[in-house]
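Written below as structure tokens is the structure these notes are about.
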Amino acid sequence: MADEEAKKVVLDKSDFLNWYNDVVDVSFLCDKRYPIKGMNVWTPYGWKIMQLMDASIRRECDATGHQEVCFPLLIPKTEFQKEADHIKGFDSEVFWVTKGGNNELDIPLLLRPTSETAMYPIFSLWVRSHNDLPLKTYQIVNVFRYETKMTRAFIRVREIHFFEAHTCHKDAEDAEMQIREDCAIMDRVARDLCLPYILTRRPDWDKFAGAVYTIGVDTLLPSRRTLQLGSIHQYHENFARPYDIKYEGSDKQHHYAHQTTYGMSERMVGAVIGVHGDNKGLILPPAIAPFQFVIIPIPAKGKLEQVMDGARALEKELIALGHRVHLDARDVRPGSKHYDWEIKGVPVRIELGPRDLENGTLVFARRDLSTKRTVKRADLKEEALKELKDIEGELLSRAKAIIDDGIRRASTVEEAKEHLSKGWDGIIQTGWCTDMDCAAEMEKALDKAFLGYPLKDVASGELLFSDGQCMICGKPTKDVVYLGRSY
Ligand code: ZN
């Protein structure tokens, strides 16, 4: 989109989905003009954000003993068909390759929608003995899903930038420990994004195809709808059996491996846009901002060279301090520069004019609060760090407030409707007796879907139990569930 065109758009976050599309357009995070539905082009700015998120994930995976791998994109139909539930789950979303040049292929190939069926035939060769376990791998690749619903940049696309960790363990207990570790990784990655989140064990009808159970990681948008940041799956032996992933134990017997997976995707970009952005555009958390600081020289007649020299020196110094910095040396008015970087969500814009040079000062303009303050040039190191830290704190507390206000308890349908009647449309926490008819009635009465069973906390992985009653039939139950709406 041309700059002039972008400036005509009025952003209004109260109309969330239109606002979201407009923000993606005006900040030019991707180019939607590629001629395939749901396949967008990553622009340099959008891709840099994704790369910084990937770096955060890589850092956490490497630190926990995962090894990065890269499997082929194509999967033979014969391998894909080995796990029955998995096929059912993905069949309608698969892109097929049936020809090589002019020849029909003997075995049709599919573009990975996820990589279990690509990796596990090979894992069965890699895993021989208990000494090979745990096998902890991950890859960051594109996956393909034939999405038939309306597509939306980063949130629902057909070519998805995807992170997937796949692990093999000696037993169920070790696999459970992996799930805890995955939750801890999620916690650290989400901190870089300044995104608090909700962990729920998905109801059985909503678990990943082939999984024993699935933990969903959702953040809450200001519209009070959830957006999934990631998901963690416990497979036990469900895939190890059809793919024959066995090892010889210290008891000289052969055992099936227990497996887990963990997935995250470019949806995290969507979540960052949706949670933090405002009517002026994007607001990027410092850890994933392509530029944490943009320097805007404020020239005065006859002092242009002097100001530019000062700006270049400042740029050098900030880079040496380990920050990502851009000096906007374009020949346009400082006001336009401010506006352009505001839309792109740069955490701090630094103004530097002749008077600042004389006084040894700088002006920091914060994107999140739209405030300005003057700092001493001599304190640059401390002030720059403080500013980024303060911004992280502010973004996180704003996002936490959305979640705190986004979940309300209700024992009965009437109580829930009381909440909903006041223009609040968030997550309802209630009790469920596990009867499927009650579940259906609950979803219908509230016009919401089961999000799942909330986890007590990240560290224990235990579910949150509490004495209560089923919202529909009134039977006493300890099962707590969340119902909400998601994108
Ligand atoms: Zn019931």
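A few remarks follow.
- Tally of residues being under 20 Å from residue 207 (Cβ atoms) and surrounded by 22 or more Cβ atoms within 10 Å (Cβ to Cβ) across the stretch 239-256: 3
- When residue 405 is tested against (1) buried (at least 19 other Cβ atoms within 10 Å of the Cβ); (2) of a type in the set (Asp, Glu); (3) under 28 Å from the mean Cα position of the chain (by Cα), only condition (1) is not met.
- Positions within the stretch 368-402 being in contact with a Phe, Trp or Tyr (Cβ under 8 Å, 6 or more places away or on another chain) and in a helix (DSSP H, G or I), in sequence order: 383, 384, 387
- Number of the exception - residue 182 against (1) charged (D, E, K, R); (2) closer than 30 Å to residue 125 by Cβ; (3) surrounded by fewer than 23 Cβ atoms within 10 Å (Cβ to Cβ): (3)
- Hits in the stretch 20-43 - residues which are free of Cβ contacts under 8 Å to residues at least 40 places away in the same chain and either assigned to a helix (DSSP H, G or I) or of a type in the set (Lys, Arg) (or both): 22, 25, 33
- Matching residues in the stretch 122-154 - criterion: being more than 21 Å from residue 58 (Cα to Cα), outside any loop (DSSP other than H, G, I, E, B) and touching a Phe, Trp or Tyr at 6+ places or on another chain (Cβ under 6 Å): 124, 129, 130, 144
- Residue 342 meets all of the listed conditions (1) assigned to a helix (DSSP H, G or I); (2) acidic (Asp, Glu); (3) free of Cβ contacts under 8 Å to residues at least 12 places away in the same chain but one, namely (3).
- Residue list for the stretch 60-100, filter: buried (at least 16 other Cβ atoms within 10 Å of the Cβ), out of contact with any Phe, Trp or Tyr (no Cβ under 9 Å at 6 or more places or on another chain) and assigned to a helix (DSSP H, G or I): 60
- Residue that is farthest from residue 151 (Cα to Cα) [pool: residues in the stretch 445-487 that are surrounded by fewer than 17 Cβ atoms within 10 Å (Cβ to Cβ) and among the basic types (Lys, Arg)]: 475
- Flag if residue 393 is of a type outside the set (Ser, Thr, Tyr) and modelled with pLDDT under 95: no
- The stretch 101-121, residues that are assigned to a helix (DSSP H, G or I) and more than 17 Å from residue 162 (Cα to Cα): 120, 121
- Some residue of the stretch 137-148 being in the same structural domain as residue 206 (by TED's automatic domain parsing), surrounded by fewer than 16 Cβ atoms within 10 Å (Cβ to Cβ) and at pLDDT below 95: yes
The values are calculated or read from the model by the stated rules, or taken from the named source; none is laboratory data. Keep in mind the model is a prediction, meaning the values are calculated, not measured. Counting neighbours? That spans all protein chains shown, and the Cβs are built from the backbone with ideal geometry, glycine included.
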